[in-house]
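Okay, structure first, notes after.
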Amino acid sequence: MLSITFYSSIIHIVSICYCTLAVGVKKYLTRIVETLFDTAYLVSVITIGTLMIRESKNNAQFRLFGCMAVVLGAGDAFHLIPRATALCTTGLDNYTAALGMGKWITSVTMTVFYVLLYYVWRQRYRIGGHKALTAAVYGLAGLRIVLCKP
């Protein structure tokens, strides 16, 4: 007759194998789901932005929102595409240069996004003049780009 210790050892080994398998499956599914989500996000935001630009007619504010969406999507593509590639191939460690440059480009496009948002604010609330504020926005945007450079 087998002892309780033997059965306990078998249960322990099976649970370790199950946990190891579950972690591997979870990592695999996470990579797939993240890649699918990123793809859907990029296609959606760039498509919606492009449609907004095309359909804006004479509405400058609507056109600016479309430009903001395209800038956001295009900028995010520079770090999401290398990330998706890394997740679906050899891993993030082998794509550090592409991911680093992608994050910097994303940072630059986010700065452009906020400058465009400044112009949306000016149009929405009919803000005129304020040349010093506009100069400050451009100066700070340029400084942020320089400081974020890898």
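The values are calculated or read from the model by the stated rules, or taken from the named source; none is laboratory data. Note that the structure is a prediction, hence the values are computed from the model and not measured. Virtual Cβ from ideal backbone geometry, glycine too; neighbours counted across all protein chains shown. Remember, those area values only see protein heavy atoms, side chains included, never the ligands or the DNA or RNA. Shrake-Rupley method; radii C 1.70, N 1.55, O 1.52, S 1.80 Å.
Touching a Lys or Arg at 6+ places or on another chain (Cβ under 9 Å), of a type in the set (Ser, Thr, Tyr) and either in a helix (DSSP H, G or I) or surrounded by 12 or more Cβ atoms within 10 Å (Cβ to Cβ) (or both) - does that describe any residue in segment 129-145?
Among the residues of segment 129-145, at least one is touching a Lys or Arg at 6+ places or on another chain (Cβ under 9 Å), of a type in the set (Ser, Thr, Tyr) and either in a helix (DSSP H, G or I) or surrounded by 12 or more Cβ atoms within 10 Å (Cβ to Cβ) (or both), which makes the answer yes.
In this structure, is ARG54 of a type outside the set (Gly, Ala, Ser) and in contact with a Leu (Cβ under 9 Å, 6 or more places away or on another chain)?
no
Please indicate, with yes or no, whether at least one residue in segment 64-80 is open to solvent by 40 Å² or more (accessible area, probe 1.4 Å) and in contact (Cβ under 8 Å) with a residue 60 or more places away in the chain.
No, that holds for no residue.
Matching residues to (1) at pLDDT below 95; (2) touching a Cys at 6+ places or on another chain (Cβ under 9 Å); (3) part of a helix (DSSP H, G or I); (4) not polar (S, T, N, Q):
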position	(1), (2), (3), (4)
PHE37	yes, no, yes, yes
ALA40	yes, no, yes, yes
LYS57	yes, no, no, yes
PHE62	yes, no, yes, yes
LEU72	no, no, yes, yes
GLY75	no, no, yes, yes
HIS79	yes, no, yes, yes
PRO82	no, no, yes, yes
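Could you say which residue among ALA86, ALA60, ALA98 is hydrophobic (A, V, I, L, M, F, W, C), open to solvent by less than 50 Å² (accessible area, probe 1.4 Å) and in contact (Cβ under 8 Å) with a residue 60 or more places away in the chain?
Values: ALA86 fails: in contact (Cβ under 8 Å) with a residue 60 or more places away in the chain; ALA98 fails: in contact (Cβ under 8 Å) with a residue 60 or more places away in the chain.
None of the other options fit; the residue is ALA60.
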